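These notes concern the structure reproduced below.
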Amino acid sequence: MLSWLWGSKPTDAAQSINSTPSNSSVQDPAPQPAQQTTLQRPASEPEFKLLNPQSKYKLLFGGLAFFTFSLFITRRALTRRLKQSIPPFYTSSVYHRPDVSGGAEAFEALNLATLNVLSFGMMSTGAVLYGFNIDSIDDMREYVRRGFEGDGGDLSKADVQLEEEIEQWVGSVLGKKFENKLKKEKEGSAGGKVEK
C-alpha cells in the first residue's frame, strides 16, 4: 500500500493475495471474511536519517539555521541604521544630525561580525564533515588512521601516545563528561562492540 514511501518490499501475505490467478469465469468467488493486512516496517530497517541524533546533518543544518538567523539580524540592524540616517520630511539634510553613539555602534558591529563568523564557521564545519562522511569521533579516527596506514603501516607508539595526549587535552578543555564519554567509547571499541 504505502511501501513505496519506505522503500520496503510488501510482505508475503500481500504478495500471495496479488499473485494468485483468478478464474472468475469458472468459479464464483466465495465470500471471504475481510482480511486486514497491515504492513509493518521490519526492525532491521534504519530509521529516517534526519531524525537520528547521530546524524551527520545536524551540524550542517544547525549552521545553516544559525547563519540565516545571523544574516537576518545583520540586515535588520543595517536597515535600522539606514532609516535613522534619512532626515524627516520637512527637515533639510544640512540640519539633520541623528543621535550617534560611537561606542554602542562599535559594540553592535563587533557582536554582529562575531555572530556572522561563528555561524559561517559552524556551517562550513558541518559541510566538511558531511563531505568526508564523518558522523562521530570514531569515524574521524578511522579517517585519520586510513591516512596513516596509506603512508605505509600501523600506528607507531609515538602516534598512540600523541592520540592519548590529545584526548586528555580535549577532556580537560571540554570537561569530565566528554572525557568519560571518550573512555566509554574506547572501552566499547576495544571490547569488540561499537556503540552508536
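The values are calculated or read from the model by the stated rules, or taken from the named source; none is laboratory data. Not measured: the values here are computed from a predicted model. FYI the Cβ positions are ideal-geometry reconstructions off the backbone, even for glycines, and counts take in every protein chain you see.
Scan segment 127-144 and tell me whether some residue there is exposed (fewer than 10 other Cβ atoms within 10 Å of the Cβ) and under 30 Å from Glu185 (Cα atoms). Yes; the residues of segment 127-144 include at least one that is exposed (fewer than 10 other Cβ atoms within 10 Å of the Cβ) and under 30 Å from Glu185 (Cα atoms). Inside segment 39-78, residues that are surrounded by fewer than 13 Cβ atoms within 10 Å (Cβ to Cβ) and either more than 19 Å from Ser119 (Cβ to Cβ) or modelled with pLDDT under 85 (or both) make up a count of 14.
Scanning segment 73-117 for residues that are within 26 Å of Gly62 (Cα to Cα) and either in contact (Cβ under 8 Å) with a residue 12 or more places away in the chain or among the aromatic types (Phe, Trp, Tyr) (or both) yields a total of 8. Annotation: of all residues in segment 147-172 being under 25 Å from Tyr130 (Cα atoms) and surrounded by fewer than 10 Cβ atoms within 10 Å (Cβ to Cβ), the one that is modelled with the lowest pLDDT is Asp151.
Within this structure, Gly126 fails the test of being over 30 Å from Gly62 (Cα atoms), in the same structural domain as Lys56 (by TED's automatic domain parsing) and at pLDDT 80 or above.
In summary, Arg81 fulfils each of the numbered conditions (1) surrounded by 10 or more Cβ atoms within 10 Å (Cβ to Cβ); (2) modelled with pLDDT under 80; (3) part of a helix (DSSP H, G or I) with the single exception of condition (2).
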